[in-house]
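Here the structure is laid out as structure tokens; the discussion comes afterwards.
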Amino acid sequence: MEGLKACPFCGEQPLFVKVSRQSKRCMVICNNPNCGIRPESSAGTGYSAVKKWNTRASGWISVEDWPPVCDQLCDVWHVNQFGEKVRACNVMWSGLSWYVELDDEEPFDVLKNSKVTHWMLAPAAPEA
Ligand SMILES: [Zn+2]
């Protein structure tokens with residue numbers, strides 16, 4: 001079986017669990033109590049549960065798979081009012097809308113005419 005990728009939200013190694021003894025259903029879940037999201041992926045077999053987890057845990061995450069994390073810098077792809085696919089960086093999800101924080105101003109609702117389709121946590125700045 002391929003290795004499990006770390007949780008994309010907290011970086012911890014997830015747990016692999018068999019849901020029940022009767023079925024083959026399996027689940028990969030982040031078991032870190034400090035993880036803001038504690039995502040999970042379940043599927044009919046262990047193999048597909050791992051595949052599903054690893055697909056979600058790498059790169060862009062569909063908002064339908066996992067809702068965005070609140071108040072963290074994210075990069076997103078969205079479809080704007082003209083139907084164009086556009087990337088936006090350093091935006092944050094409030095739970096209701098995407099915003100950016102500008103100095104001395106109220107958070108600004110940046111993507112209100114767009115539909116965000118994918119997101120990922122913005123990579124950390126390089127050290128030194
Ligand atoms: Zn986690």
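The values are calculated or read from the model by the stated rules, or taken from the named source; none is laboratory data. Quick caveat, the model's predicted, so the values are computed rather than measured. Quick reminder, even Gly has a Cβ in these numbers, built from the backbone with ideal geometry, and neighbours come from all protein chains shown. The protein model used for the area step is the full one, side chains on, heavy atoms only, and it has no ligands, DNA or RNA in it. Shrake-Rupley method; radii C 1.70, N 1.55, O 1.52, S 1.80 Å.
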Within the accessible area of the range 49-110, what % is carbon and sulfur when the probe is 1.4 Å and the other protein chains stay in place?
51 percent
In Å², what does the accessible area per residue of the range 59-128 work out to with a 1.4 Å probe?
69 Å²
Between residue 70 and residue 47, what's the calculated FRET efficiency when r is the beta-carbon distance and R0 is 41 Å? Round to 0.05.
0.80
Distant-in-sequence amide H partners of residue 116 (H built 1.01 Å from N, under 5 Å):
79
Note, the range 100-116: 3J(HN,Hα) by Karplus (6.51, -1.76, 1.60, θ = phi - 60°), whole Hz, Gly/Pro = x, goes 10, 9, 9, 4, 6, 9, 5, x, 10, 6, 7, 10, 5, 9, 10, 10, 6
Longest site-free stretch - the chain; sites: GluC sites (Glu not before Pro), DSSP loop, at most 11 other Cβ within 10 Å:
3-63
Using the Karplus equation 6.51 cos²θ - 1.76 cosθ + 1.60 (θ = phi - 60°), what ³J(HN,Hα) coupling, rounded to whole Hz, does each residue of the range 48-60 give in order, writing x for Gly and Pro?
6, 5, 5, 4, 4, 4, 5, 5, 5, 7, 10, x, 5
Can you give the three extents of the C-alpha atoms in the range 40-119 along their principal axes, from longest to shortest, in whole Å?
50, 28, 18
The chain: calculated mean residue ellipticity at 222 nm from DSSP helix runs of at least 4, using -39500 (n - 2.57)
-2500 deg cm²/dmol
Which one, 68, 39, 107, has the greatest fluctuation when you compute a Gaussian network model over the chain with C-alpha springs under 10 angstrom?
107
Kindly report the accessible area of the range 15-58 per residue (heavy atoms of protein chains, probe 1.4 Å, no ligands, DNA or RNA), in Å².
59 Å²
Between residue 109 and residue 4, what is the label-to-label distance in nm when each label sits 7 Å out along the Cα-to-Cβ direction?
3.9 nm
